[in-house]
Amino acid sequence: MSDKGPKDEAQSSQQGIVLTPEQMRGRRARNIAIGLGVTFLAVLFYAVTIVRLGGAVANRSI
Amino acid sequence: MSDASYFDESTTPKLPVAAPLDFIALLKPRVMSLVVFTALAGFLLAPTLPHPLLVFAALLAIAVGAGASGALNMWYDADIDAVMRRTRLRPIPAGRIDTDAALAFGVILSVLSVFTLGFVSNWLAAALLAFTIFFYVVIYTMWLKRLTPLNIVIGGAAGALPPIVGYAAATGDVSIASLMLFTIIFIWTPPHFWSLAILKLDEYGSVGLPMLPNVSGLRRTRLEILIYCVVLAPTGVGPWLLGFASWLYGVAAIGLGLGLLYLAAQLFFAQEDAAIQKAARQMFAFSIFYLFTLFLMLTIERVLSLMGLF
């Protein structure tokens, strides 16, 4: 028999799955890592594109 | 029902607690570093190098491809990793990453690495990287590893391919020189892993992996190690004989090859169990030093040559 009253149970079911602090920390760290990874890839692909375009872009005189 | 958990344990989805470092561990960073090192040696064999940024991006793609192979290997081998002392703290058996996440991670990184290499270098290099991942994951991990004591002999090709991928990334071609480096690693792999298998005999036996010492016994394994080292010692001198390494490399390769032969003979003639264990440990450690030194010399020579200093 649950110790929770009907009001508590209704509130919990609306909240869905409640993450533990450890799961919250893990998710936040993973999100930050994915963000940094995607940013790095975007910068890398941009730079590679510029280099591959060759002299007309990378070696132009300024 | 307890207050601590609203959901029943059996119906609650298993939520991940993995930190980014757990996913990095899934990539087998030490193997990745060895792959980058050997791929760089292959890269440097090229007569001319592409822009440094393209070299960096290509090496990164190769490293990620190798890491993806490692992740897929850990995904498939999670059952035996959980049993062996050497591997039971890996992220999947330790419960920090579930198998589905590891599979998705490995597949996504595999695709990403192959297409990145194709974009920054060329599609021959990308195809070779894709083949390397396929060979390691499907041919070695899924098929040969649990089937035959020749697993490491044939599967070793996957670990030997990075110099060919590196050279192809730099030139769009495959050369005798890059094939030479492939051959050195290919012949080096069995004696290296069989030395480890002698040391971990009980662990491999406990999960039923058909490593050569478990299937054919220590005597036969030590003979095979000796035979492979007899072939490897002259093969290691190949880069000098083929003219893409200096006499300095040649002298070092001869000296290291003799050291390898001495240790292989010591292992073969060891009588007592303790002596066999000690000789296997020395053989394992020296085999790492052997390959690392040869590739380091090749790398340094080529860098100095490109700088016009050698």
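Determine whether B:Arg302 is among the charged types (D, E, K, R), closer than 20 Å to B:Leu40 by Cα and buried (at least 19 other Cβ atoms within 10 Å of the Cβ).
Criteria met by B:Arg302.
I'd like to verify a number: residues in region B:7-35 that are facing chain A (nearest Cβ under 8 Å), modelled with pLDDT of 90 or more and either on the phi > 0 side of the Ramachandran plot or part of a loop (DSSP other than H, G, I, E, B) (or both), how many?
Within region B:7-35, residues that are facing chain A (nearest Cβ under 8 Å), modelled with pLDDT of 90 or more and either on the phi > 0 side of the Ramachandran plot or part of a loop (DSSP other than H, G, I, E, B) (or both) number 0.
Please find, among A:Gly16, A:Gly54, the residue that is surrounded by fewer than 12 Cβ atoms within 10 Å (Cβ to Cβ), free of Cβ contacts under 8 Å to residues at least 60 places away in the same chain, closer than 18 Å to B:Ala58 by Cα and within 10 Å of another protein chain (Cβ to nearest Cβ).
It is A:Gly54.
Select from region B:93-111 the residues that are touching a helix residue (DSSP H, G or I) at 6+ places or on another chain (Cβ under 7 Å) and surrounded by fewer than 23 Cβ atoms within 10 Å (Cβ to Cβ) and write down the one among them that is nearest to B:Leu209 (Cα to Cα).
B:Pro93
The values are calculated or read from the model by the stated rules, or taken from the named source; none is laboratory data. Bear in mind the structure is a predicted one, so any value in this text is a computation, not a measurement. Using ideal geometry, Cβ is built from the backbone for each residue, glycine included, and neighbour counts are taken over all protein chains shown.
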